[in-house]
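Visitor: This structure is in structure tokens; I'll ask about it shortly.
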Amino acid sequence: MENEYIKTIYRQNLENDIICYLAEICGRDIREMTDVYFSSKLAVQIEQGLYGIDNMDYKYLANDLLKNEPELFERR
């Protein structure tokens, strides 16, 4: 049980780092990048722990999101 709690906290921190980094490199508001992130396939993959993706660097994941889901970053 403790192991699952640690994984949950780690994933939350990873998501936070991705969102903050996206806001920084895109020059956009954190709330907007939060919406973008949680609308992404990446968020689902991290939440479910698929492919070990949650063990990757947050900067790599943020850049991958920009590259593979650019439609999410179009102004709403």
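Bear in mind that the values in this text are calculations on the coordinates, not laboratory data. These figures come from a predicted structure and were not determined experimentally. Using ideal geometry, Cβ is built from the backbone for each residue, glycine included, and neighbour counts are taken over all protein chains shown.
Visitor: Answer yes or no: is there a residue in the stretch 57-67 that is of a type in the set (Phe, Trp, Tyr) and more than 9 Å from the chain's Cα centre (by Cα).
Guide: Within the stretch 57-67 (the criterion being of a type in the set (Phe, Trp, Tyr) and more than 9 Å from the chain's Cα centre (by Cα)), the answer is yes, since at least one residue qualifies.
Visitor: Of everything in the stretch 5-58, what is surrounded by 14 or more Cβ atoms within 10 Å (Cβ to Cβ), among the polar types (S, T, N, Q) and under 16 Å from Glu69 (Cβ atoms)? Give them in sequence order.
Guide: Correct list: Thr34, Ser40, Gln45.
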